[in-house]
Amino acid sequence: MASRSCLYTFIDLLLLVQFLSIRSVKGNDLPPPHECIQVLGTGAELIQFSLNLFYLETSLFLYASTGKGIDAVAPNLVQGPLPIGVRIANLDNITRKIIEEFGLQGVGIVRAILNTKLVDPIKMPRVNLSVEEMEHFVHLAFNVTVLTPPFNAYANTLNFLPAAASITSLIRQYYVRILPHLADNNVLQVLATSILGTVSARFGVFRTLLYQIADVTVSPYPFNVTTLVDGIAQLMNRHGLCGVKDEGLIVALEVGAEKRSRINLIPGDVNSLAFSRTQVEILKDCLWNWQRNLACWIVSSWR
């Protein structure tokens, strides 16, 4: 684990992000290749990195749907501190069941990774899932310092789904990125392929649920679900600094599938192929958006 303090590691990451942020990258820019290269590591290390994201996602889903965490489902599977500020969400019954299933799936995925005996276990990061931290994410998306009343991601289904979709999107894009780098290890390649299939299906479910309520106003605020999802997507692109990797539910016809669709359930490139993200991109999104403690922990654990 960490051989240096989290403070020093945090400063290292800030310097890295500053170096990568020398020039501003707009959504339609093609960034220089060196800004978006794959972080080197063995196959086992690449999979190990994703455990941090699965801990975050699984904890959020289980607590939001049942009020209990990973330990309630699989005692002793994961060591480390409990999440900060997480709570049960006020979800409709169908969404609650979906979120609970996805949380339970996360437990199984973590177990499958550890059962290979090829990936060393790591402790649960101290993730902050409080209302205030989630609200900070939305503040950044809309470039505001205050929302009145304060935004509560746990208040209802409309508020919760965009956050759930965002973390699932990061995991999906990360596995798209690392899969070609696992070709020399058949066990890990098969595992990662199966994980990618499950996570991609989840992402499709989230985007479908969001599209069904795309025009619904996120009361009492003056924006609807489409605007919220698009704002979050643009935020992730700005801070990732590697061009467009996330998109809204509705896009201009000229950038839709084959330039014939404005519906954009599954974001993709000009050929509708999935976008990918490296470890550095994910760390930058975590650092600048809504999981600054997680970014610090991940980097320190890789020292």
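The values are calculated or read from the model by the stated rules, or taken from the named source; none is laboratory data. Fair warning: this is a prediction, and the values are worked out from it, not measured in the lab. Quick reminder, even Gly has a Cβ in these numbers, built from the backbone with ideal geometry, and neighbours come from all protein chains shown.
A few remarks follow.
- Of note, Gln173 does not satisfy the criterion of being part of a helix (DSSP H, G or I) and more than 21 Å from the chain's Cα centre (by Cα).
- Test: residue in segment 96-109 that is among the polar types (S, T, N, Q), touching a helix residue (DSSP H, G or I) at 6+ places or on another chain (Cβ under 8 Å), crowded, with 16+ Cβ neighbours inside 10 Å and farther than 22 Å from Leu191 by Cβ: no
- Answer from Asn152, Asn185 - the residue that is touching a Gly at 6+ places or on another chain (Cβ under 7 Å), surrounded by fewer than 22 Cβ atoms within 10 Å (Cβ to Cβ), modelled with pLDDT of 95 or more and farther than 21 Å from His239 by Cβ: Asn185
- Positions within segment 257-282 being under 23 Å from Leu209 (Cα atoms), assigned to a loop (DSSP other than H, G, I, E, B) and either hydrophobic (A, V, I, L, M, F, W, C) or without any contact (Cβ under 8 Å) to a residue 12 or more places away in the chain (or both), in sequence order: Arg260, Ser261, Leu265, Ile266, Gly268, Asp269, Leu273, Ala274, Phe275
- Candidate set: segment 21-43, residues that are surrounded by fewer than 18 Cβ atoms within 10 Å (Cβ to Cβ) and assigned to a helix (DSSP H, G or I); chosen: the one modelled with the highest pLDDT: His34
- If you go through segment 208-229 and keep only what is surrounded by 21 or more Cβ atoms within 10 Å (Cβ to Cβ) and closer than 13 Å to Asn264 by Cβ, you end up with Leu210, Val229.
- Inspection of segment 196-218 identifies at least one residue that is more than 21 Å from Glu57 (Cα to Cα), acidic (Asp, Glu) and either part of a helix (DSSP H, G or I) or without any contact (Cβ under 8 Å) to a residue 60 or more places away in the chain (or both).
- If you go through segment 128-162 and pick out every residue that is in a loop (DSSP other than H, G, I, E, B), touching a residue at least 60 places away in the same chain (Cβ under 8 Å) and in contact with a helix residue (DSSP H, G or I) (Cβ under 8 Å, 6 or more places away or on another chain), you end up with 5.
- Some residue of segment 70-79 being acidic (Asp, Glu), under 18 Å from Asn156 (Cβ atoms) and either surrounded by 14 or more Cβ atoms within 10 Å (Cβ to Cβ) or at pLDDT 95 or above (or both): no
- Flag if Lys123 is closer than 30 Å to Asn185 by Cβ, without any contact (Cβ under 8 Å) to a residue 40 or more places away in the chain and either touching a strand residue (DSSP E or B) at 6+ places or on another chain (Cβ under 9 Å) or not in a helix (DSSP H, G or I) (or both): no
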